[in-house]
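What follows draws every value from the coordinates through simple rules; no lab data is involved. Keep in mind that this is a model prediction, so the values were computed, not measured. Neighbour counts are summed over all protein chains in view; Cβ atoms, including those assigned to glycine, are modelled from backbone coordinates with ideal geometry.
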């Protein structure tokens, strides 16, 4: 829209406006204490995952020359004890953050991309296409997503790609519904009428007018989806449907259960991965809710 | 004794908005007082303040004497006892003021039961009677709000307001959402019920003509204050305050073709209650403002028999030229 | 998926419009449900046949199998027939309750399901009643005093428990309350549904004893959703004019809430509770797995670790259909609860 309005320096104007609204967004976001706490936690987790090769190194996952004895209780050498192969649980949790966060992130992105495409097109093209699409969305919305994801993961080969796909293609309907509602709202505004009158095609309207307006919503939705994707990844890994060759938090919990940590009372093996999952999920949820209430104070989150 | 005596009422909302800034009003039993003003002038806030219905955190000052007792200093239990039994409210927009999931009869009977007026069976019978009193068949007691038209819902609200035989009825824009024919019916109904039962009535509206028609006395509010008060007819036909004049000329008058073709209004919006203008709050929009109006606040002063107005021109040697057409800018 | 809870009322509030249309509404909903069930059936078929290429290979999962055995399996599962015939055959069988034979148990899938179903209903039903009641109660209180400390603690705890993986919470419960940790003795059984050898009232008590930890786990991870939904539905009602009317009538604050605000907020909440059943199914699968509860969830876990494809498929069909049926029931219930929607 800016591009049409100021032919002289359209790019600069658009950038400037984007910068301004980002600054406005940040000012408003900063007032949400829970959102700031969530953001701080996320930064810490991201740093931990990114620096893991330096701090613990990929050797931490090796089974053959583990440094300690199996199932050692926490000590000075191993602050969180050792697992069933004698590896440091602390090191494994740090190393596992890489897979858990990566899979959560990619699955959420896949899910939100599907949801956005479905939502925008269903909102833009009305008629039979939208009806069919929304019926499919409703069907997926009601479906027990995890059961569907488990079924998918069961019949496909065990790999991270499978897990991402299984989570992504089962969790998009909420996003689709939200995005469609927003698309309908945007398209009822007068300037869409004007763009159509000026000869703007479907692609032009969807990409230049609708998409920029649904992006904030998509951002909030992505944040919330990462939270549930991290949980879903852990769940699939715990059920033995993850990639057995990599270390992830859910996989660690499965290992712990298989090693009999529950009945032996080896709490140090079980507690850290679970806390890590819960903290990351909670942090993303807090951020997502804060973003949501900044964008739409009436959503009822912060009232 | 005076039925309702409001003295120096002030209301400040949590955000700092001064919605009501020192209002004095009084009403005798069996009389009808109209309160007029634009939306945002504080008239609905005033109505809610009379029964302490404003949200928590709102500061209310002054006195509201209902039958000699100050509602603002009562214990909550006593306030609840006064509500509906002492004074009831006909809210604007009966669409939303009735609970959508309860039957009308139950909603009317609810205050009767609550205030110990009658056992359940009798309360139910009374609800039917009240419905008939407002011109609806008693069988409508079994209906839900969405099954009624707007006018019928407003009748239900009136029936509900009369349920506990209150001494005072406050009608807050009772006819705003209705079309003209229904509006007239509802007004006649209210008038009739009030005169039959010797109630006090406070009617709030932005429509000066309606109030002049229905009420004995009229108070015009602007920015949380009464700026003019007097007998309803006189205030309507010959307002002393420039705002009152603007308000009375804003509606076309039946039988006056000139006003129909050139309705007069007032430019600009009512002031922001969190940031009121200095001096007389009306001076930025006033067509006859003097320099001193921007500095000096104008209190209500005597302006003839039974009349008061808050304008620098009132009580001065020469009143400003009357007649709305010359001194009020027309809206575009 | 917190956003489900918060925003879905808007999306779900589809109501029939006129008074005498209830039979037509029922017909419409039933038709929609039939289409959904058919979609489940089709998905079940293709999910387990097309994606892996050859289900028999997946089923035998790398074990050495002779060509004769392979051919035998193919005939047994009808895989030698053309795809279309396979599909009609599968539909006909599924509609008559024949979901195939479990590879692992060598027993009809439908028998395994009906065997485990009562146990799941016991666990899920108990937890459902408790978490719905708890969520609605706390959600109402939270909304009524929104912004206060109690509300913040309430919502904070709900969000935290909501972020905790249900299976992990279950494992911790077992360590702390069943195995015993430090000074805490093991109070409850580590898993299963009964210790065996008990009859009559003793049996009931024994099952109840086994039920405690799984139910607590399930309630803890699920009530947050109901709390958030109730809270936001009630907050939407809070500004309503009819509440001012109720207050003006002289009603006490708790009566205004109980008699006027809550009934109105309940309607969107009820729908959402049913929409969220899909999530509960996930919780049930994990909790049953962790506590070795002999229900459908535990069965699902056993089936997918083999993997026992006919059983996985049968349970997939069952879970999906059950959720669709429950949702349709909620849709049919909605107009009966809301007088604005005629009957």
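Key figures for this structure:
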{"item": "Among A:224, A:76, A:110, residue whose mean-square fluctuation peaks in a GNM of chain A (springs only between Cα atoms under 10 Å)", "result": "A:76"}
{"item": "Residue-averaged beta-carbon neighbours from other chains (10 angstrom radius) around A:257-269", "result": "3"}
{"item": "Sum of -39500 (n - 2.57) over DSSP H runs of 4+, divided by residues of chain A (222 nm, nearest 500)", "result": "-23000 deg cm²/dmol"}
{"item": "GNM result for chain B, Cα springs below 10 Å: residue of B:105, B:16, B:61 fluctuating most strongly", "result": "B:16"}
{"item": "Percentage of interatomic Cα-Cα distances in the range B:131-184 larger than 17 Å", "result": "39 percent"}
{"item": "Degrees, to the nearest 10: B:104-114 long Cα axis against longest axis of chain B", "result": "90 degrees"}
{"item": "Sequence ranges A:158-169, A:206-217, ranked by mean other-Cβ count within 10 angstrom, highest first", "result": "A:158-169, A:206-217"}
{"item": "Distance-filtered residues of the range C:253-275 - backbone nitrogen under 13 Å, label point 7 angstrom along residue C:148 Cα→Cβ", "result": "C:253-254"}
{"item": "Between the range B:71-125 and the range B:2-52, the alpha-carbon center distance in angstrom", "result": "21 Å"}
{"item": "Coordinate range along principal axes, alpha carbons of chain C, Å, largest first", "result": "84, 62, 38"}
{"item": "Averaged over B:96-107, number of beta-carbon atoms from partner chains that fall within 10 Å", "result": "5"}
{"item": "Longest to shortest principal axis, alpha-carbon extents of the range C:281-343, angstrom", "result": "51, 24, 13"}
{"item": "Listed peptides A:14-21, C:197-204 by packing density, highest first (mean Cβ within 10 Å)", "result": "A:14-21, C:197-204"}
{"item": "Rounded Å value of the spacing that divides the Cα centres of the range C:279-310 and the range A:26-59", "result": "34 Å"}
{"item": "Chain B: angle of helix B:120-133 to the longest principal axis, Cα-based, in degrees nearest 10", "result": "50 degrees"}
{"item": "Gained length - residue A:128 relative to residue A:259, 0.36 nm times residue gap less alpha-carbon distance", "result": "41.7 nm"}
{"item": "Computed over chain A, Cα set: Rg, Dmax in Å", "result": "22.8, 75"}
{"item": "Choice from C:314, C:278, C:239 showing the highest fluctuation, given a GNM over chain C with Cα pairs closer than 10 Å", "result": "C:239"}
{"item": "Evaluated at q = 0.20, 0.25, 0.33, 0.35 Å⁻¹: base-10 log I(q)/I(0), Debye formula over Cα of the range B:112-151", "result": "-0.65, -0.87, -1.06, -1.10"}
{"item": "Nearest 10 degrees, 0 to 90: helix B:180-197 Cα axis against chain B principal axis", "result": "70 degrees"}
{"item": "Span from the the range A:118-151 Cα centroid across to the the range C:151-179 one, whole angstrom", "result": "32 Å"}
{"item": "Value of D in µm² per second that Stokes-Einstein yields for the range B:94-163, Kirkwood Rh from Cα pairs, at 37 °C (0.692 mPa s)", "result": "284 µm²/s"}
{"item": "Peptide-level mean, for C:167-180, of C-beta atoms on other protein chains within 10 Å", "result": "5"}
{"item": "Antiparallel DSSP beta bridges within the protein assembly as shown, percent to nearest 5", "result": "60 percent"}
{"item": "Kirkwood Rh in Å, taken over all unlike Cα pairs in the range A:154-303", "result": "18.2 Å"}
{"item": "Volume per residue that the Cα convex hull of the protein assembly as shown spans, once the total is divided by residue count, Å³", "result": "242 Å³"}
{"item": "Spin-label model distance (nm) - residue B:146 vs residue C:253, 7 Å beyond Cα toward Cβ", "result": "3.1 nm"}
{"item": "As computed over the range A:1-108, the Cα convex hull volume per residue (Å³)", "result": "167 Å³"}
{"item": "Cα-based shape type of the range C:93-189, given that a ≥ b ≥ c are square roots of the gyration tensor eigenvalues and the cut on a/c is 1.5", "result": "oblate"}
